[in-house]
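Participant: Quick one: this structure, given as structure tokens, is what I'll be asking you about.
The values are calculated or read from the model by the stated rules, or taken from the named source; none is laboratory data. Here the structure is a predicted model, which means the values were calculated and not measured. Cβ sites come from the backbone with ideal geometry, for glycine too, and all protein chains shown count toward neighbours. Note: accessible area is taken over every heavy atom of the protein model, side chains too, but ligands, DNA and RNA are not part of it. Shrake-Rupley method; radii C 1.70, N 1.55, O 1.52, S 1.80 Å.
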Amino acid sequence: MVTISPDTVAEVAAMKSKLGFGMRMLSDESLEVGALYNVKVDKAMAGAPGRKIFRPLVIPTAILVDAEGIVRWIDQADNYQIRSDADRVLAGIKQALPV
Amino acid sequence: MDEVSGFSLVIYGTAVVLAGWTSWWAKIKALTIPSKPIAYQSLMAAGIVLIVWGMIRGAGPLGGMIGFVGLVAGGMYLWTSTMRELPKQTLAVRVGEPVLDFDASDSDGAAFSISSLSGKPFLLKFYRGHW
């Protein structure tokens, strides 16, 4: 799994350290990757302390890619407060990439 | 209701708003937020009505301060609840198409290219931030 967000490198590092994640976590502070995938939202409400309430963010999106680099499954939120749960993601992965 | 003081109405209304926020926060933690929070919006609106009613009746300085907190809390919920929807944007890739290559920095500040994962399946997850 690879994650990417508009957080700075320092913020990503702090989150990775705090939560003990072993996956690759990327910083897209300039939102270039967000714009490339068209998940960038120019003005979204954010809750991070010390940062502007309204700023560019991304639409929470999960993209499953197979070993050949082909997209096999996509999960995208239509509401920023509703998160994908683990069961839903695992079900999507199992269906798209059956072992 | 004629015997209920303005101060009491403010307290009831603020309690309704704070109870709503407590319940909502529990739903956030449990990942069980409803897609249409009409019940919560109604609850907050009811709390605001009680607070305003109490202030009109006369809640005194203390009631006024408490009511102000309740109005702000209830108003914030109603405002943010109307801003939950994300814009409908067409993702730049579709199922069956190649993933778009890009370069980014990882948590160590090192350069990372998505093409380096070639030959292995992976899940690419965009998220809003660390908070």
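Participant: Of all residues in segment B:93-131 being in a strand (DSSP E or B) and hydrophobic (A, V, I, L, M, F, W, C), which is farthest from the other protein chains (Cβ to nearest Cβ)? Before you say what the answer is, go through the steps one by one.
Facilitator: If we filter segment B:93-131 for residues that are in a strand (DSSP E or B), which is where we start, we get B:98, B:103-106, B:111-113, B:122-126.
Now restrict to residues that are hydrophobic (A, V, I, L, M, F, W, C): B:104, B:111-112, B:122-124, B:126.
Values: B:A104: 4, B:A111: 10, B:F112: 6, B:F122: 6, B:L123: 5, B:L124: 4, B:F126: 4 Å.
Per the criteria, the residue is B:A111.
Participant: So which residues in segment B:20-32 are more than 14 Å from B:V72 (Cα to Cα) and buried (at least 16 other Cβ atoms within 10 Å of the Cβ), if there are any at all?
Facilitator: We begin by selecting, within segment B:20-32, every residue more than 14 Å from B:V72 (Cα to Cα); these are B:22-32.
Matches in segment B:20-32: B:W24 only.
Participant: For segment B:61-104, enumerate the residues that are more than 25 Å from the chain's Cα centre (by Cα) and either exposed (fewer than 15 other Cβ atoms within 10 Å of the Cβ) or of a type in the set (D, E) (or both). Outline the logic, then answer.
Facilitator: Step one: filter segment B:61-104 for residues more than 25 Å from the chain's Cα centre (by Cα), giving B:61-64, B:92-104.
B:P61, B:L62, B:A92, B:R94, B:V95, B:G96, B:E97, B:P98, B:D101, B:D103 - these are the residues of segment B:61-104 that are more than 25 Å from the chain's Cα centre (by Cα) and either exposed (fewer than 15 other Cβ atoms within 10 Å of the Cβ) or of a type in the set (D, E) (or both).
Matching residues to (1) under 14 Å from the mean Cα position of the chain (by Cα); (2) surrounded by fewer than 19 Cβ atoms within 10 Å (Cβ to Cβ); (3) modelled with pLDDT of 90 or more:
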| position | (1), (2), (3) |
| --- | --- |
| A:L64 | yes, no, yes |
| A:I70 | no, yes, yes |
| A:W73 | no, no, yes |
| A:R83 | yes, yes, no |
| A:R88 | no, yes, no |
| A:A91 | no, yes, no |
| A:P98 | no, yes, no |
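Participant: Filter segment B:105-131 down to residues that are open to solvent by less than 50 Å² (accessible area, probe 1.4 Å), under 31 Å from the mean Cα position of the chain (by Cα) and not aliphatic (A, V, I, L, M), then give me how many there are.
Facilitator: Result for segment B:105-131: 9.
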